Amino acid sequence: MDKSRIDFRDQISWNKYKSYFLMIIIFAVIVLFGYVISMAFEPGYFFIIMIISIIFSLSYILISFYNSDKIAIMSVGAKPADRSKHKQFYDLIEGLTIASGLPMPKLYVMPSSQINAFASGRNPKKAVVCVTEGALERLDKRELEGVLAHELGHVGNYDIRYMTLVAVMVGMIAIISQIFLRSLWFRGGGGDRNSKGNAIFILIGVILAILAPIVVQLVQLSISRKREYSADATAVQFTRNPTGLIGALKKIKNENLQEPRVNKAVAPLFFANPLKGLTSTHPPLEKRIEILERM
């Protein structure tokens, strides 16, 4: 049965639009939370919490951001690719960088029998692309090219920088929630003329403090899934053919290998989610294949 065709350009722009919309939701949660805290206590109290949360979240995230490539490579035990041993890997990346206009990234190979890959780095000039041994051994040339084009799509779309910004905002909400909840223990139940109104806003604040981190984390996961769709579409733009990427996704879908030992923090970077569960950072393989087949 025929379905309407999808232009990869429309897919890229639409997924970016949806990602921006989801970021606005996170920002709106911060504003709402701030309003409730300022009404429950006083505006100055909220600003103190904001300053503390920004310092903590930015410090942690910026250290991770500027060392994202090194952290990702070390966490999976990857080794630099050998040009003579991994000639096809180098040749395909060089061809794709010419087609995309991106600089040549550093190449690494990860010891795993799974078919997988990831890209990291704060900008295209600092990028690394890593593939598993399983991908190099079990994918044909066109399939491997599709996977590598997807990873370069992440690099070209500045997804590491974008997801870092989202992580800062999510981290701020988590810290604000913790500070707010803990501060309640140090505030007596004394009454002032606005105690009844304050109590209502404190109750709303407690509910937000519990639910907001859960909600924004789900939004963060949704943004991550949208970026995967965008990288798929960008891969089609680079290769001008979705069949290689479709073939790689179908092989991953059919494989039944033991999951590698991967830190949850770097799982969102991978081509296919290496960890299973409800809080998936990746869209279903079947959905990705369906969309690619319509391009």
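Read-outs throughout are calculated quantities, based only on the coordinates presented, and are distinct from any laboratory measurement. This one's a predicted model, so the numbers in the text were calculated from it and none came from an experiment. FYI the Cβ positions are ideal-geometry reconstructions off the backbone, even for glycines, and counts take in every protein chain you see.
Each label point was placed 7 Å from the Cα along the Cα-to-Cβ direction; for Tyr20 and Gln178 their separation is 3.3 nm. Spin-label pair Tyr158-Ile48: with each label point 7 Å from Cα along the Cα-Cβ axis, the two points sit 3.7 nm from one another. The slack between Arg83 and Glu290, meaning 0.36 nm per residue of separation minus the straight C-alpha distance, is 71.0 nm.
Full extension of the chain between Leu218 and Ser113 gives 34.8 nm of extra length, using 0.36 nm per residue less the Cα-Cα distance. Checking the cross-link pairs Lys251/Lys287; Lys79/Lys226; Lys226/Lys253; Lys87/Lys126; Lys70/Lys125; Lys141/Lys250 against a 26 Å limit on the alpha carbon distance flags Lys79/Lys226 as lying beyond it. Peptides 113-119, 32-38 ranked from most to least packed give 113-119, 32-38, packing being the mean of other C-beta atoms within 10 angstrom over each peptide's residues.
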